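Trainee: First the structure, which I've put down as structure tokens, then a few questions once you've had a look.
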Amino acid sequence: MGRLFGTDGVRGVANADLTAELALGLSVAAAHVLAEAGTFAGHRPTAVVGRDPRASGEFLEAAVVAGLASAGVDVLRVGVLPTPAVAYLTGSLGADIGVMLSASHNAMPDNGVKFFARGGHKLADELEDRIETVYEQHRTGEPWSRPTGAGVGRVTEYTEGFDRYVAHLIGVLPNRLDGLKVVLDEAHGAAARVSPEAFARAGAEVVTIGADPDGLNINDGCGSTHLELLRAAVVEHGADLGIAHDGDADRCLAVDAAGEEVDGDQILAVLALAMRDAGQLRQDTVVGTVMSNLGFKLAMERENIRLIQTAVGDRYVLESMKAEGFALGGEQSGHVIVLDHATTGDGTLTGLMLAARVAATGRSLAELAGVMQRLPQVLINVPDVDKTRVNTSSELATAVVEAERELGETGRVLLRQSGTEPLVRVMVEAADIEQARAVAGRLADVVKSALG
């Protein structure tokens with residue numbers, strides 16, 4: 001059996017790859033593993049279970065709840081809420097397990113199961129591996145001790161989760177949003193109620209699009225992966241800014257009053273300065289990834305803010321933040337983590353804090369985002385090569401050195417191996433897009449000849 005857990009839980013086509021049986025079995029295994037790991041500390045365990053609006057989430061939620069309750073875990077069903085809301089409620093309610101059913105920005109046929117440990121934190125790799133091992137043992141017939149009578153878990157509808165999470169979001173804002181007009185694209189996803197409510201309570205005039213989930217339309221031509229509708233709506237309504245979420249609302253992208261995109265790197269830059277000015281940016285450090293735009297790195301250097309870059313993936317950003325006690329980190333894709341207020345990327349919180357900075361300064365989002373110049377990036381995939389030799393090929397190393405010398409201080413080269421395919425990704429950044437394309441093309445040819 002191949003590894004079930006990916007970088008963000010277990011995902012697949014619902015009812016094909018991700019079946020009710022798999023969801024139930026994983027939930028039983030998770031209950032057993034977390035109990036063995038000492039999470040429950042001798043008391044009756046509790047789990048918070050939420051989902052996004054996908055139609056498949058209805059039966060998968062039932063399977064997860066059944067698995068947990070059959071293993072003796074009391075379940076609080078919070079219904080349709082964002083992933084960061086489930087993480088927050090897991091921590092604030094003192095629950096032992098959090099479970100979110102979502103496939104984030106993926107198309108509707110997909111779904112996923114994501115587990116959180118006590119405190120609302122993502123599981124370490126070793127715990128995920130142990131869950132897979134126990135799941136496989138149960139699947140092949142190894143008996144497990146099933147509670148009976150009063151030992152089975154009880155299931156409760158926890159309707160207070162919505163208001164509790166919104167109150168948390170409002171409570172951490174540095175200032176109100178009175179006077180701002182904001183367009184919110186909810187991707188017909190998990191934040192369709194939460195985000196408009198939070199922005200309205202914070203004082204903003206709110207226009208919503210993509211906020212009518214029917215179980216089938218999540219991420220369909222809208223949200224953070226399709227900004228066209230948001231751009232048009234911001235201009236049409238004369239709004240100060242627009243905010244776009246993905247299906248489970250753990251990410252946030254924005255557009256300014258002219259409809260121009262403000263990506264995750266630019267959002268990080270704006271928040272880094274805001275937190276530094278407020279004395280909240282611990283060690284004057286922000287965490288990004290190796291894919292962070294070079295313009296972001298140069299801007300942080302100019303502002304005397306240290307940038308630490310990790311491997312691609314918000315889990316690696318979070319690991320670095322937790323290990324060193326940093327307060328802010330994120331990715332170009334819009335996963336932004338404000339560790340003092342969230343244990344994972346929170347798109348609604350990020351959008352609120354971005355809007356709060358606009359309101360507090362009286363400056364436009366375009367002006368604030370102008371702290372960094374987003375340099376053009378060119379990405380070329382080179383297939384059918386021996387990716388394992390990327391770091392050992394002298395021919396390729398020489399070509400990279402020559403390319404970086406040609407690009408100068410406002411350019412860079414990044415070669416990345418695909419995690420699952422015989423593929424090497426060549427990324428080149430430069431102030432001049434034509435120069436970036438030319439250098440990327442030459443490097444792609446070298447990769448093919450050296451590793452093919």
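Trainee: (1) 38, 32, 22; (2) 44, 38, 17; (3) 37, 29, 19: which one is semi-axes √(5λ) of the Cα gyration tensor in Å as calculated from this entry?
Mentor: Label of the calculated value: (3).
Trainee: I need the Kirkwood Rh of region 393-452: take the reciprocal of the average 1/r across all distinct C-alpha pairs and report it in angstrom.
Mentor: 11.7 Å
Trainee: Distance between the C-alpha centers of region 45-65 and region 84-131? Whole Å please.
Mentor: Centre-to-centre distance over Cα atoms comes out at 11 Å.
Trainee: Quick one: Cα centre-to-centre distance for region 214-242 and region 255-315, in angstrom?
Mentor: Using only Cα atoms to place each centre, the spacing works out to 24 Å.
Trainee: Can you give me the distance in nm between label points at residue 323 and residue 164, each placed 7 Å from the Cα along the Cα-to-Cβ direction?
Mentor: A separation of 3.3 nm, rounded to one decimal place.
Trainee: Also: So how tilted is helix 314-324 from the main axis of the chain? Cα-based, degrees 0 to 90, rounded to 10.
Mentor: So the inclination is approximately 90 degrees.
Trainee: So if I place +1 on the C-beta of Lys and Arg and -1 on the C-beta of Asp and Glu, and nothing else carries charge, what would the dipole magnitude of the chain be about its Cα centre? I want it in debye, nearest 20.
Mentor: 800 debye
Trainee: Of 83, 218, 148, which is farthest along the charge dipole of the chain in the positive direction, counting Lys and Arg as +1 and Asp and Glu as -1 at C-beta?
Mentor: Sorting the options by dipole projection puts first 148.
Trainee: Just the number, please: carbon plus sulfur as a percent of the accessible area of the chain, 1.4 Å probe, no ligands or DNA/RNA counted.
Mentor: Exposed carbon and sulfur together represent 49 percent of the surface.
Trainee: Antiparallel versus total DSSP beta bridges in region 101-212: what percent is that, nearest 5?
Mentor: 40 percent
Trainee: Let me check I've understood the local charge: for residue 451, count other residues with C-beta under 11 angstrom from its C-beta, Lys and Arg +1, Asp and Glu -1. What total comes out?
Mentor: Result for the neighbourhood of residue 451: 0.
Trainee: Which number comes out as Rg/Rh for region 268-338 once both Rg and the Kirkwood Rh are worked out on C-alpha atoms?
Mentor: Ratio of gyration radius to Kirkwood radius for region 268-338: 0.91.
Trainee: Modelled label-to-label distance, residue 302 and residue 137, 7 Å Cα→beta-carbon offset: nm?
Mentor: Once both label points are built, they end up 5.7 nm from each other.
Trainee: While we're on this one: Less than 12 Å Cβ to Cβ from residue 349, Lys/Arg counted +1 and Asp/Glu -1: what total charge do the surrounding residues give?
Mentor: -2
Trainee: Under the 0.36 nm per residue contour assumption, what length would be gained going from the current alpha-carbon distance of residue 397 and residue 172 to full extension?
Mentor: 76.3 nm
Trainee: Regarding region 253-400, what whole-number volume in Å³ per residue does the convex hull of its Cα atoms give?
Mentor: Taking only Cα atoms, region 253-400 has a hull volume of 140 Å³ per residue.
Trainee: Report, in deg cm²/dmol and to the nearest 500, the calculated mean residue ellipticity at 222 nm for the chain, where each DSSP H run with n ≥ 4 adds -39500 (n - 2.57) and the sum is divided by the residue count.
Mentor: Computed mean residue ellipticity for the chain: -12000 deg cm²/dmol.
Trainee: Nearest-5 percent of antiparallel DSSP beta bridges in the chain?
Mentor: That works out to approximately 55 percent antiparallel.
Trainee: Starting from the amide H of residue 346, placed 1.01 Å from N in the peptide plane, find each other amide H under 5 Å away whose residue is 5 or more places distant or on another chain.
Mentor: Counting only residues 5 or more places away or on other chains, the set is 336, 338.
Trainee: A follow-up question, please. Helix 83-92 versus the longest principal axis of the chain: what is the Cα-based angle in degrees, 0 to 90, to the nearest 10?
Mentor: 60 degrees
The values are calculated or read from the model by the stated rules, or taken from the named source; none is laboratory data. Fair warning: this is a prediction, and the values are worked out from it, not measured in the lab. A quick note on method: Cβ atoms are made from the backbone with ideal geometry, for glycine too, and the neighbour counts reach across all protein chains shown. Note: areas computed on protein heavy atoms with side chains; ligands, DNA, RNA excluded. Shrake-Rupley method; radii C 1.70, N 1.55, O 1.52, S 1.80 Å.
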